[in-house]
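Each reported figure results from applying straightforward, stated rules to the coordinates on display, with no laboratory input. Only a predicted model underlies this, so the values are computations on that prediction, with no experimental measurement involved. Reconstructed Cβ throughout: ideal geometry from the backbone, glycine too, with neighbour counts over all protein chains shown.
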Ligand SMILES: NC(=O)C1=CN([C@@H]2O[C@H](COP(=O)(O)OP(=O)(O)OC[C@H]3O[C@@H](n4cnc5c(N)ncnc54)[C@H](OP(=O)(O)O)[C@@H]3O)[C@@H](O)[C@H]2O)C=CC1
Ligand SMILES: O=C(O)[C@@H]1CCC=N1
């Protein structure tokens, strides 16, 4: 990790909201040193706590950073709607060989090449919020200026906060955004939905939520401990023949009214939204 610290010092994060914070905490808790991390976010109230807790440097605008500071990598984590302003603020670093890694849904490599120049190393990545606890998964696509050791180091940086996958073409990032980018939200919704259904079946609210949360945590632990076990087999292990789970799964796995067509529609909607926001 010492070498990654050296390689990515200084690292500049633009935008420290929900996912920016998750990435920084993940990096700090998995080996990067606070000294190497600089954060720009206009919302100082938002970044103060992370600065006090970890000692990272925070600024309300790029102009407030020390003049001589040239980041090795700029990680851009603002909403697509804020991107134009954010990219202008860091464009001067494009003349120094700085690598730009955007995690914004929908902002394309060609958008960044237009703004920064087509010889600049640019990575479009899609992490998720579990990066904060080192269990994220980030898919990325890099332009042709990211090669050799630089690509290896970017991959390693993303692996410090979970797993990293390079996808074959940029278009796939829209589907990644729909699946794993937003995925934690669907899992949390599953817990809320299970708990509500438990209440309808007669359980007190607190008991239902406790059962739903702990069931998902325990199921995730099984996935972690038995990585080579098929997920469908883990499901079958719960499903006694002619028993209660089988009855529930008949409803959930109905081809027309079960959860598959609902998830197909949900991911298609998110993928379309990612394409529609494209800039
Ligand atoms: N949330 C998630 O789980 C994931 C989000 N993403 C992507 O990450 C991006 C950020 O999402 P999220 O963290 O949820 O959004 P947030 O709104 O929580 O965070 C964005 C932060 O950027 C700040 N900001 C706005 N303009 C600038 C600027 N010019 N310079 C520096 N900082 C700025 C905002 O400040 P202010 O509030 O004052 O505007 C805010 O603190 C989005 O593009 C999203 O697609 C990707 C993967 C997962
Ligand atoms: O909801 C969003 O647009 C972002 C992208 C993936 C997760 N959050």
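Below are the figures for this structure:
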{"quantity": "Calculated FRET value between residue 279 and residue 95, using beta carbons and R₀ = 22 Å, to 0.05", "calculated": "0.45"}
{"quantity": "Computed over segment 93-239: relative contact order in percent, which uses C-alpha pairs under 8 Å that are six or more apart", "calculated": "16"}
{"quantity": "Dimensions (Å) - segment 183-276, Cα atoms, principal axes, largest first", "calculated": "42, 34, 29"}
{"quantity": "Relative contact order %, segment 2-168, counting alpha carbon pairs below 8 Å whose residues are six or more apart", "calculated": "22"}
{"quantity": "Two-site label geometry, residue 133 and residue 85: point separation in nm, points 7 Å out along Cα→Cβ", "calculated": "3.4"}
{"quantity": "Difference of contour (0.36 nm per residue) and Cα-Cα distance, residue 222 to residue 199", "calculated": "5.7 nm"}
{"quantity": "Full-extension gain in nm, residue 113 to residue 190, via 0.36 nm per residue minus C-alpha separation", "calculated": "23.8 nm"}
{"quantity": "Virtual spin-label span in nm between residue 69 and residue 165, 7 Å along Cα→Cβ", "calculated": "3.5"}
{"quantity": "Ranked list, fewest to most other Cβ atoms within 10 Å of each Cβ, for 244, 160", "calculated": "244, 160"}
{"quantity": "Inter-part distance where segment 211-278 and segment 124-186 are each reduced to a Cα centre, Å", "calculated": "23"}
{"quantity": "Hypothetical label at residue 248: residues of segment 197-216 whose amide nitrogen lies under 16 Å (7 Å Cα-Cβ projection)", "calculated": "197-204, 207-216"}
{"quantity": "GNM result for the chain, Cα springs below 10 Å: residue of 201, 94, 107 fluctuating most strongly", "calculated": "201"}
{"quantity": "Length-normalised contact order for the chain - Cα pairs under 8 Å, 6+ apart - percent", "calculated": "16"}
{"quantity": "Most fluctuating residue given options 20, 55, 182, as computed from a GNM of the chain linking Cα atoms under 10 Å", "calculated": "55"}
{"quantity": "Helical mean residue ellipticity (222 nm; -39500 (n - 2.57) per DSSP H run of 4+; nearest 500) of the chain", "calculated": "-15000 deg cm²/dmol"}
{"quantity": "Highest-fluctuation residue, 173, 199, 122 considered, GNM on the chain with Cα pairs under 10 Å", "calculated": "199"}
{"quantity": "The chain shape via C-alpha gyration tensor axes, a/c threshold 1.5", "calculated": "prolate"}
